[in-house]
Amino acid sequence: PSKSSQRTLTFEPRVAYQKAIEEVYWRHRIWPKERLDLKPSLDAVMSQAQLEEKVADYLRNSQVLQDSDHHPITAEQLQAEMDRMAQHTKQPEVLHELFEALGNDPFVVAECLARSALVERFLTGSRNERVKQMSRTHEQFVAAIGNYTLPTIGWAGCTDDSWRATTTTNAPVARDYHTAVWSGSKMIIWGGFSNNCGSGYCNTGGQYDPSTDSWTATSTTNAPDGRAYHTAVWTGSEMIVWGGAAPSPSLTGGRYNPSTDSWTATSTATAPPARVFHTAVWTGIEMVVWGGCANDNCSQLSVFGGRYNPQTDSWTFTSNTNAPSPRYDHTAVWSGSEMIVWGGFDGSNRVNTGGRYNPSTDTWTATSITNAPIARYNHTAVWGVDEMIIWGGSPIANVGNTGGRYNPGTDSWTATSTTNAPSARSVPKSVWTGNEMIVWGGFVSTGNYLNTGGRYDPGTDSWRATSITNAPAPRYIHTAIWSGSEMIVWGGIGSGPTDLNTGGRYCAGSGATPTPTPTATITPTATTTPTSTPTATPTPAATATATATATATATPTPCTGRCPPTPRPQPTRAPRA
């Protein structure tokens, strides 16, 4: 229905509606099953002041557009943005929830959801630069006058084995060797290498919202120094990035809170030595980092690992007793109780050894080499139902399309079928859907990059190809995450060679879409009356029993020293037999 917007919307109700929006995103936020604490309410992670600042930010920036650029956002633009969201949403169920949280009132949707997206798109530069341009305060802002119609959300869902492009509007600058995590409602990418980032090392990033098919830049205030070849994990409320080259190997990091768009530095006291090309997993309590190179050319390898506890902002070294030999370009997955590392390059040779690290006992157990896959590096790995699945990479002097399934309960390996497997490749990316491993993209030789992939079902030991219709351009050194119904790939190096800021969402109907993680208490949303403000419900203290979950960590490909976005097939730091 069309409603006249001859209405005003003061600051207080805008804040109430902003809280309603944040409640929707928080409900869909992933709370790792390994965590011992229950998911808190939104009030416990986002203060009233932080909500107010979000509203003040988009109102100030709206005023900047009007005062500095003489281009106020019009009612027609707000209506067009609502229509775009409804037409291009990749998560229609979430967009439905957002509309409902705003009372299905087109005026409120236009002013509180569409406006914030438009000002982010129209204004260039960092948030700090935009604030410096402000000539007036948000109290002087007046809502656009016009008639709005709430659009119909027409897309019913994704079609199995199909691709849809991610928008490039307001996307982060093209880059490679970045990281990506999935929060449960948004994909967060950060860092990487790009000629568009000053020194070449980016400290910028973006949050991609599939429900509105839109990007929002991550703050650079207090962000870690720009870097590439780092790692990132998702804790349930924060993304933790650590290590990498900035441009020399670093032992610094940061915790990014997407709810407040804010950064907190990780402690460097007792942190593991600086490194690149390492791995990291999240246990539910700690981030465990291991392996990697201690210098630019990987002539020195990292021996010790470390465990970072964000609650105490403290580090503990991992035991080195019975640990695997130092290496890089390996993989690591979290089984629910152990970190399993495997493969890689030890400075002289490819290896097919590995180890299981138990953080509760600070002990290592070697993985069997009986029937293990051939030694390799630059492969990919996921944790499945009860086993680690590795595939691809660079065995011998070539790329491969073989793999293996490792069962830690029996300490045994089973080869993956090569029938209908994807073509051989190095540095593919993979995700676990709940019953399949999907691999996509990768490198064959200089200038020969791939946009093909495959879905591996361990239950039947069988492969089927992913569609190439509407698939993103061939690439490698990209990222991939699983959203619950889609694999979202983004960035990387494409033909030219050139860095990319494009991506795609691959629908795999076999993967079950997880239900939103419940909070410990139910918090009311804003009512449809514009002047009402929802009240917060206190969160009781509660504990829960940890449950195993799957966490796959993508391993970046190394290079020598500072790596520009040029072809990097197999960068050489040391002779490889």
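Just want the ordering: Cys298, Cys197, from fewest to most Cβ atoms lying within 10 Å of their own Cβ. Kindly include the intermediate steps, with their values, before the conclusion.
Details: Cys298 25, Cys197 19.
In order of increasing Cβ crowding within 10 Å: Cys197, Cys298.
Using the Cβ of Val45 as centre and a radius below 14 Å, the other residues enclosed give a net charge of +1, where K and R count +1 and D and E count -1. With 21 Å as the limit, the listed pairs Lys19/Lys90; Lys33/Lys429; Lys19/Lys54; Lys33/Lys54; Lys33/Lys90; Lys39/Lys186 have Lys19/Lys90; Lys33/Lys429; Lys33/Lys54; Lys33/Lys90 beyond it between alpha carbons. Report note on the peptides 105-116, 435-446: ranked by the mean count of other C-beta atoms within 10 Å, highest first, their order is 105-116, 435-446.
Label separation (Val385 vs Thr169): 4.3 nm, computed from points 7 Å beyond Cα along the C-beta direction.
Based on alpha carbons, the Rg and Dmax found for region 267-335 are 11.8, 35 Å. By the count of other C-beta atoms within 10 Å, a proxy for reagent exposure, Lys19, Lys186 are ordered fewest to most as Lys186, Lys19. I'd like to know which of Gly434, Ile468, Asn420 lies farthest towards the positive end of the charge dipole of region 409-487, counting +1 on Cβ of Lys and Arg and -1 on Cβ of Asp and Glu. Farthest towards the positive pole: Ile468. Annotation: amide H of Tyr377 within the under-5 Å range of Gly344, Ser394, sequence separation 5 or more or interchain, hydrogens built in the peptide plane.
With a 10 Å Cβ neighbour count serving as the proxy for reagent exposure, in which order, fewest first, do Ile153, Ile481 appear?
Details: Ile153 17, Ile481 22.
Going from least to most buried by this count: Ile153, Ile481.
Would you please put 210-216, 413-419 in order of how densely packed they are, using the mean number of other Cβ atoms within 10 angstrom per residue and starting with the highest? Don't jump to the answer; show the numbers that get you there.
On the way: 210-216: 23.4, 413-419: 15.0.
For the peptides 210-216, 413-419, the packing ranking is 210-216, 413-419.
The simple Förster model, with R0 at 41 Å and r as the Cβ-Cβ distance, assigns Arg464 and Asn196 a FRET efficiency of 0.65.
Rule-based calculations on the coordinates, nothing more; no lab input. Keep in mind the model is a prediction, meaning the values are calculated, not measured. Neighbour counts are summed over all protein chains in view; Cβ atoms, including those assigned to glycine, are modelled from backbone coordinates with ideal geometry.
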